[in-house]
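Trainee: Handing you this structure, nothing more for now.
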Amino acid sequence: MTINEDVIQAIIAQAQKEAPLESCGYLLGIGDTVTENYPMTNIDHSEEHFSFDPKEQFAALRYARKQGLQILANWHSHPASPSRPSEEDIRLANDPTIRYAILSLLNGDIRLNSFSIRNGKVEDKQVHY
């Protein structure tokens, strides 16, 4: 998966604004290229985990379809931990057709990686930033 630079900058800005809480959203695009961030609300308002608002999820799906885009990944931030899936992230990764991107802000060292997670296992990692 390739993520356009403006999208990377948008999710970094969102995560920095919402820190120390985890922020989240969908990455939309066509084929294997992410062209848009769809920001979402972390309804858990937590520094250690996130949950999407189900109404926002349906709105994102409708928006993507209307624009001719696909949901290629979901993303969330780790304000104070590395860019790797936690045990909870792996347990909750139940859609094998998308990637899971994690943006770390740990100690100001910004990292963005995405992962393919299937059947409770991380299958691969891509470095994006």
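Trainee: Identify all residues within the range 56-97 that are over 19 Å from R111 (Cα atoms), open to solvent by less than 40 Å² (accessible area, probe 1.4 Å) and charged (D, E, K, R); write none if there are none.
Mentor: none
Trainee: Restricted to the range 13-44, and to residues that are under 11 Å from the mean Cα position of the chain (by Cα) and either aliphatic (A, V, I, L, M) or not in a strand (DSSP E or B) (or both), which residue is surrounded by the most Cβ atoms within 10 Å (Cβ to Cβ)?
Mentor: My answer is L27.
Trainee: Taking the range 105-129 on its own, how many of its residues are under 14 Å from W75 (Cβ atoms), touching a helix residue (DSSP H, G or I) at 6+ places or on another chain (Cβ under 8 Å) and surrounded by fewer than 18 Cβ atoms within 10 Å (Cβ to Cβ)?
Mentor: Going through the range 105-129 one residue at a time, the tally reaches 2.
The values are calculated or read from the model by the stated rules, or taken from the named source; none is laboratory data. No experiment lies behind these values; they were computed from the predicted model shown. All Cβ positions, even for glycine, are placed from backbone atoms using ideal geometry, and neighbour counts span all protein chains on display. The accessibility values were calculated without ligands, DNA or RNA, using every heavy atom of the protein model including side chains. Shrake-Rupley method; radii C 1.70, N 1.55, O 1.52, S 1.80 Å.
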